[in-house]
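Report on the structure given below.
The values are calculated or read from the model by the stated rules, or taken from the named source; none is laboratory data. On a predicted model such as this, the values are computed, not experimentally measured, just so you know. Here the Cβ positions follow ideal geometry from the backbone for every residue, glycine too, while neighbour counts run over all protein chains shown.
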Amino acid sequence: MSQSQSKGWNIALWIVQVLMALAFASAGFMKLTSPIESLQAAGMGWVNDFPAFMVRFVGISELAGGVGLILPAALRIKPVLTPVAGFALALVMVLALGYHVMKGEFQALPINIVLGGLSALIGWGPIAAKS
């Protein structure tokens, strides 16, 4: 990859990282702090199928993943954790996709596919930039 292509790729990757970090961190914060009843009212019917601690665990995971998409690379402290966070969030979206397929909730699949794909791109991005 030429230097100008590499710089453009880096900028695009940072934009995706920031947007995905905001999406996951805000969703995680909401699952972590909102009463289960208000999550149900917000259209998250899946919370009925899991105990409250699992909903909170998903919230913690998404919040930590959102932070992990930015901080390690931005602070240059263990930057390898940023792609790890990307791949971990992609796994969360694959599991969510499987759940929604099992429940017949096909309207949720595009969101899981887009978020999972962009998360995987963040995981794969540094590898692609080096080649």
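Some notes on this structure:
- Every pair of residues 6+ apart whose Cβ atoms lie under 6 Å, when the first sits in the range 39-58 and is more than 20 Å from residue 88 (Cα to Cα) while the second is surrounded by fewer than 16 Cβ atoms within 10 Å (Cβ to Cβ): 47/40
- So residue 32, is it among the aliphatic types (A, V, I, L, M), in contact with a Pro (Cβ under 7 Å, 6 or more places away or on another chain) and surrounded by fewer than 18 Cβ atoms within 10 Å (Cβ to Cβ): no
- Hey, residue 25 under 19 Å from residue 120 (Cα atoms), buried (at least 19 other Cβ atoms within 10 Å of the Cβ) and over 15 Å from the mean Cα position of the chain (by Cα) or not: no
- Against the list (1) β-branched (Val, Ile, Thr); (2) modelled with pLDDT of 95 or more; (3) more than 27 Å from residue 35 (Cβ to Cβ), the condition residue 80 fails is (2).
- Residue 62, sole failed condition from (1) closer than 15 Å to residue 21 by Cα; (2) of a type in the set (D, E, K, R); (3) free of Cβ contacts under 8 Å to residues at least 24 places away in the same chain: (3)
- Taking residues in the range 10-35 that are in contact (Cβ under 8 Å) with a residue 60 or more places away in the chain, and partners anywhere that are surrounded by 15 or more Cβ atoms within 10 Å (Cβ to Cβ) and not in a helix (DSSP H, G or I), the pairs with Cβ atoms closer than 8 Å and at least 6 places apart or on different chains are 17/69; 17/70; 20/69; 24/69.
- Any hit, the range 70-79, residues being surrounded by fewer than 22 Cβ atoms within 10 Å (Cβ to Cβ) and of a type in the set (D, E, K, R): yes
- In the range 20-34, residue farthest from residue 86 (Cα to Cα) [restricted to those that are assigned to a helix (DSSP H, G or I) and out of contact with any helix residue (DSSP H, G or I) (no Cβ under 6 Å at 6 or more places or on another chain)]: 33
- Of all residues making up the range 57-69, the number that are of a type in the set (A, V, I, L, M, F, W, C) and surrounded by 23 or more Cβ atoms within 10 Å (Cβ to Cβ): 1
- The set of residues in the range 1-19 that are hydrophobic (A, V, I, L, M, F, W, C) and either assigned to a helix (DSSP H, G or I) or touching a Cys at 6+ places or on another chain (Cβ under 8 Å) (or both) comprises 9, 11, 12, 13, 14, 15, 16, 18, 19.
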